[in-house]
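Reading through the structure tokens given below for one structure.
Since every read-out is calculated from the coordinates, none of them should be taken as a lab result. Computed from a predicted model, the values in this text were never measured in an experiment. All Cβ positions, even for glycine, are placed from backbone atoms using ideal geometry, and neighbour counts span all protein chains on display.
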Amino acid sequence: RLKLLEAYGIDLVIALPFDEGFANQTYKDFFQALSEHLPIKHLIVGDDARFGKNRAGGPQEIKSLNLFKTTYLPKEAYHKELISSGSIRSYLEKGVLKKVKKMLGRPYSLRLPFDAMNVIREDDIQYKWTSGAEKICLLPSAVYAVDIHTNGKKLPAIAFYRGSHSINNETTL
């Protein structure tokens, strides 16, 4: 996501850890602290954005803070279906990548750092790479065309992604 934001000219991204303390903040405390550290003049969010504990900070509550101007953008739709992270995740899990591409406006990509210590040679041409993707990848088991980016070069490759779910819904590759 950071690479995508950078490509669109975003100058600053502040990624805050979403822990129990953060989750229990009121919307007032959150925006008060944010305003003290950043000179926010205009906030632009989706029309269903809610802030603070129990999602208590909606459009009227945020406006009543009088800290900045807020613009709420309507949701986008693809063939009359509202685009949301939930619908995109669902299509990813089903392997419907053409629909995912249309909803995202770009092909789905997963960028993982390569660590040679996580590679096991299985035979003369096949390697097994454990990447940690099981925590973030939602794709079904399949053979995928992939690009490997290394030393400024892009190399086409084929990857067999095999995920299996255990009884407690943990994914392993």
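Can you list residues whose amide H is under 5 Å from Leu43's amide H, if they're 5+ apart or on another chain and H is modeled 1.01 Å from N?
Lys69, Thr70, Thr71
Say R0 is 22 Å: what FRET efficiency, to the nearest 0.05, do Ile148 and Asp123 get from their beta-carbon distance?
0.70
5 Å is the cut-off here: which amide hydrogens, built 1.01 Å from N in the peptide plane, fall below it relative to Val146, excluding neighbours closer than 5 in sequence?
Ala157, Ile158, Ala159
Which residues' amide hydrogens lie under 5 Å from the amide hydrogen of Gln25, considering only partners 5 or more residues apart or on another chain, with H built in the peptide plane?
Lys53
Convert each backbone phi in segment 64-79 into a coupling constant with the Karplus relation 6.51 cos²θ - 1.76 cosθ + 1.60 (shift: θ = phi - 60°), then list the ³J(HN,Hα) values in order as whole Hz, x for Gly and Pro.
Karplus values, whole Hz, x for Gly and Pro: 5, 6, 6, 9, 6, 7, 10, 10, 9, 8, x, 5, 8, 10, 10, 6.
Past the 17 angstrom mark, what percentage of all C-alpha to C-alpha distances in segment 1-119 do you count?
That fraction is 70 percent.
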